[in-house]
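S.K.: Following this message is one structure expressed as structure tokens.
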Amino acid sequence: MYSIRTIFLLSVATLLFVSCKKNNVVRRSIPIIESASFASQTVIYGDSILFTAIVKDPITPLSTLKVQLFISDSLVSTHVIRTKGNSSNVKQNFYVPYFENAANNAPLSVKLTLTNVDGNTIDQTLNTVTVKQPVFQKLKLIMGIDTLAMSPDSLVAYQYDAAWVGSNSVQFMIASPDNKYTWANVNGKLGLAPLLNGSVTLHDPALMTAQAIFFNTMSFDYNFIGKRVYYYVNDTLLKPNSVTGTLDAALTFTKGQQVTFTGTFANIDAKKIVSPDYFTSIGSNTFKFAAPTGKYTLHYDMGRQFIYVDVPGQVKPNAYWVCGTGLGNPNSTTATSNWGFGWDNATKTYKAYYVPRIASGIYQITLYVTNSANFKFFGNTSWGGEIDAGTNKDLTSSNNKNIDFTQSDGNIHVTSGFVSGVYTITVDLNAKTINFTPLAN
């Protein structure tokens, strides 16, 4: 049996234990966003807007205030502001970014996350600001040392026009009068960037008569305004290629199908601009496709009045590529002077021609060939898979005695006795022959 003294001591110990537990109670505090607001209900893209807030935590010191800006529900920026002590007055300007296809009157919302040093947080969202597109009285079209004024278009929103009656190729940048907003070269296209980025090139081979150049400050689209030509092949519009200046289209043809050339082609005789390797005339600007069934790319060179046909990336045995010197389009007496593949900026023409397969091991192309031509067939556009000519090589003979098979480089060398003209060249790897058939006028 416990003594009175023992019971007394146990009671005192219990009271002391309970008292200690009460003194060690953890008090969890949540920070408070007492107020938060913007100085204005509207802001222009590319401007800044003043944000103020009063944040507190009477028990636990504050740590950070994270501010996330959303435009039309898309996050555009995040800012983390250091807060100290148990109270902080925040005052900061936030930049509202300007970007392509930014909607006018878009809602700007802000998510606030206040955190104290214990990691406890509270969130709040503001939805009180509208973002507007900038409006300009004028813009500057900058072309080197020359500048043209761009005025608002009376019919198209956000579009600005500068009168232009020059060529169908021009290099330029654009800026607001105070240079606050500048559009320059961004990966080859006009985008928001410092003028130090340089100019973009606008080139439209389909443009016949220019009237103006336009720029849209919402979509960042730009182009010429003027009269254009519209060339169609089987109702597919040939579109400008900004690199080559040709008008291009990718089409799938079936051998023997009817092909029509319409639109501005009506003003010319299409027989004079196509190769007989691909198109056989059956009427006015109407043809049958003569090459094997497949997907081809057409490149219309309006300057040389010729349509190049190829299959980009194609390799042997499906086709070959021929390049060298002394070769030209079948409708011209202008011949190549450089070896290579693709577009030649120096001569503004293609350096190699696509040679389709017409039967197993047999390839054919029609070209203008000079009496000093020197060329070779390749199985790809990387100088590989070449066809060598010469004794015990891939090609050993020809129906034309003026082909030299004695050269060690394996090229097709045409000697001076060769008569310059348009020939259908047939390469037969089975018979190891290369034959030249003059094209009848």
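S.K.: Counting just the residues of the range 196-213 that are of a type outside the set (A, V, I, L, M, F, W, C) and assigned to a strand (DSSP E or B), which one comes out surrounded by the most Cβ atoms within 10 Å (Cβ to Cβ)?
M.R.: Of everything passing the filter in the range 196-213, 203 is surrounded by the most Cβ atoms within 10 Å (Cβ to Cβ).
S.K.: Does the range 183-198 include one or more residues that are in contact (Cβ under 8 Å) with a residue 60 or more places away in the chain, charged (D, E, K, R) and more than 30 Å from residue 274 (Cα to Cα)? Break it down stepwise before answering.
M.R.: Residues of the range 183-198 that are in contact (Cβ under 8 Å) with a residue 60 or more places away in the chain, as a first pass: 191-192.
Now narrow it down to the ones that are charged (D, E, K, R): none.
Looking for residues that are in contact (Cβ under 8 Å) with a residue 60 or more places away in the chain, charged (D, E, K, R) and more than 30 Å from residue 274 (Cα to Cα), one finds none in the range 183-198, hence no.
S.K.: Kindly indicate which of 265, 220 is under 30 Å from residue 45 (Cα atoms) and not assigned by TED's automatic domain parsing to the domain that holds residue 343.
M.R.: 220
S.K.: Out of (1) under 24 Å from residue 428 (Cβ atoms); (2) in contact with a Phe, Trp or Tyr (Cβ under 6 Å, 6 or more places away or on another chain), what's the single condition that is false for residue 317?
M.R.: (2)
S.K.: Here is a follow-up. Can you pull out every residue in the range 129-178 that is on the phi > 0 side of the Ramachandran plot and either loosely packed, with under 11 Cβ neighbours inside 10 Å or in a strand (DSSP E or B) (or both)?
M.R.: Our first condition is that a residue be on the phi > 0 side of the Ramachandran plot; within the range 129-178, this holds for 144, 158.
Within the range 129-178, 144 is the sole residue that qualifies.
S.K.: Ok, one more. I need the full set of residues from the range 249-285 which are under 30 Å from the mean Cα position of the chain (by Cα), of a type outside the set (Val, Ile, Thr) and closer than 27 Å to residue 208 by Cβ, in order please.
M.R.: If the condition is that a residue be under 30 Å from the mean Cα position of the chain (by Cα), of a type outside the set (Val, Ile, Thr) and closer than 27 Å to residue 208 by Cβ, then 249, 250, 251, 261, 263, 265 are the ones that fit.
S.K.: Separate question: Being loosely packed, with under 13 Cβ neighbours inside 10 Å and either small (Gly, Ala, Ser) or touching a helix residue (DSSP H, G or I) at 6+ places or on another chain (Cβ under 6 Å) (or both) is the filter here; which residues of the range 398-441 pass it?
M.R.: 408, 416, 417, 440
S.K.: Suppose we filter the range 349-358 for residues that are within 11 Å of residue 427 (Cβ to Cβ) and of a type in the set (A, V, I, L, M); how many remain?
M.R.: Total meeting the criteria: 2.
S.K.: Report every pair of residues separated by at least 6 positions or lying on different chains whose Cβ atoms are under 7 Å apart, first residue within the range 121-138 and more than 30 Å from residue 182 (Cβ to Cβ) and among the charged types (D, E, K, R), second at pLDDT 95 or above and outside any strand (DSSP E or B).
M.R.: Between residues of the range 121-138 that are more than 30 Å from residue 182 (Cβ to Cβ) and among the charged types (D, E, K, R) and residues that are at pLDDT 95 or above and outside any strand (DSSP E or B), there is no close pair.
S.K.: Report yes if residue 249 is closer than 30 Å to residue 358 by Cα and at pLDDT 95 or above, otherwise no.
M.R.: yes
S.K.: Name, by its number, the condition in (1) outside the structural domain of residue 251 (by TED's automatic domain parsing); (2) of a type in the set (Ser, Thr, Tyr); (3) touching a Leu at 6+ places or on another chain (Cβ under 9 Å) that does not hold for residue 296.
M.R.: Of (1) outside the structural domain of residue 251 (by TED's automatic domain parsing); (2) of a type in the set (Ser, Thr, Tyr); (3) touching a Leu at 6+ places or on another chain (Cβ under 9 Å), only one is false for residue 296: (1).
S.K.: Go through the range 333-374 and count every residue that is assigned to a strand (DSSP E or B) and either touching a Lys or Arg at 6+ places or on another chain (Cβ under 9 Å) or more than 19 Å from residue 304 (Cβ to Cβ) (or both). Don't jump to the end; show me each part of the working.
M.R.: Start the filter on the range 333-374 by keeping residues that are assigned to a strand (DSSP E or B), which leaves 343-344, 349-350, 352-359, 362-374.
Narrowing further to those that are either touching a Lys or Arg at 6+ places or on another chain (Cβ under 9 Å) or more than 19 Å from residue 304 (Cβ to Cβ) (or both): 343-344, 349, 355-359, 362-364, 371-372, 374.
Qualifying residue count, the range 333-374: 14.
S.K.: Here's a follow-up. Every residue in the range 27-45 that is part of a loop (DSSP other than H, G, I, E, B) and either in contact (Cβ under 8 Å) with a residue 60 or more places away in the chain or surrounded by 14 or more Cβ atoms within 10 Å (Cβ to Cβ) (or both), please. Steps first, please.
M.R.: Step one: filter the range 27-45 for residues part of a loop (DSSP other than H, G, I, E, B), giving 27-31, 39-41, 45.
If the condition is that a residue be part of a loop (DSSP other than H, G, I, E, B) and either in contact (Cβ under 8 Å) with a residue 60 or more places away in the chain or surrounded by 14 or more Cβ atoms within 10 Å (Cβ to Cβ) (or both), then 28, 29, 30, 31, 40, 41, 45 are the ones that fit.
S.K.: Ok, one more. Residues to consider are 335, 352, 346; find the one that is surrounded by fewer than 16 Cβ atoms within 10 Å (Cβ to Cβ), of a type in the set (A, V, I, L, M) and either under 27 Å from residue 242 (Cα atoms) or at pLDDT below 95 (or both).
M.R.: 346
S.K.: Here is a further query. Go through the residues of the range 389-407 one by one and say whether even a single one is assigned to a strand (DSSP E or B) and either over 14 Å from residue 436 (Cα atoms) or in the same structural domain as residue 250 (by TED's automatic domain parsing) (or both).
M.R.: Within the range 389-407, one or more residues are assigned to a strand (DSSP E or B) and either over 14 Å from residue 436 (Cα atoms) or in the same structural domain as residue 250 (by TED's automatic domain parsing) (or both).
S.K.: Considering only the range 97-109, I want to know if a residue exists there that is modelled with pLDDT of 95 or more and within 24 Å of residue 29 (Cβ to Cβ).
M.R.: Within the range 97-109, none of the residues are modelled with pLDDT of 95 or more and within 24 Å of residue 29 (Cβ to Cβ).
S.K.: If I ask for residues that are in contact (Cβ under 8 Å) with a residue 60 or more places away in the chain and within 19 Å of residue 40 (Cβ to Cβ), which ones from the range 73-102 would you list?
M.R.: Listed by number, the residues that qualify are 98, 102.
S.K.: Give me the strands (runs of 3 or more DSSP E) completely within the range 244-332, filtered to those with at least 1 residues that are over 24 Å from residue 377 (Cα atoms), ordered by residue number. I'd like the intermediate steps shown before the answer.
M.R.: Values: elements: 247-253, 258-263, 279-283, 286-289, 294-301, 306-310, 319-328.
Hits in the range 244-332: 247-253, 258-263, 279-283, 286-289.
S.K.: Only one residue in 297, 336, 286, 293 is under 23 Å from residue 411 (Cα atoms) and out of contact with any Phe, Trp or Tyr (no Cβ under 6 Å at 6 or more places or on another chain). Which one? Step through it out loud before you land on a result.
M.R.: Numbers: 297 fails: under 23 Å from residue 411 (Cα atoms); 286 fails: under 23 Å from residue 411 (Cα atoms); 293 fails: under 23 Å from residue 411 (Cα atoms).
None of the other options fit; the residue is 336.
S.K.: Which condition number does residue 193 fail, the rest of (1) small (Gly, Ala, Ser); (2) surrounded by 15 or more Cβ atoms within 10 Å (Cβ to Cβ); (3) under 26 Å from residue 345 (Cα atoms) being met?
M.R.: (3)
S.K.: Looking only at the range 387-408, which residues are among the charged types (D, E, K, R) and in contact (Cβ under 8 Å) with a residue 12 or more places away in the chain?
M.R.: In the first step, residues of the range 387-408 are kept if they are among the charged types (D, E, K, R); the result is 388, 393-394, 401, 404.
Scanning the range 387-408 gives 388, 393, 394, 401.
S.K.: Please state which one of 263, 256, 283, 313 is modelled with pLDDT of 95 or more and farther than 26 Å from residue 419 by Cβ.
M.R.: Of the residues listed, the single one that is modelled with pLDDT of 95 or more and farther than 26 Å from residue 419 by Cβ is 256.
S.K.: Looking only at residues in the range 214-228 that are polar (S, T, N, Q) and part of a strand (DSSP E or B), which one is farthest from residue 165 (Cα to Cα)?
M.R.: Among them, the one singled out is 216.
The values are calculated or read from the model by the stated rules, or taken from the named source; none is laboratory data. The structure displayed is predicted, hence computed values, not measured ones. Ideal geometry is used to build each Cβ from the backbone, glycine not excepted, and the neighbour counts take in all protein chains shown.
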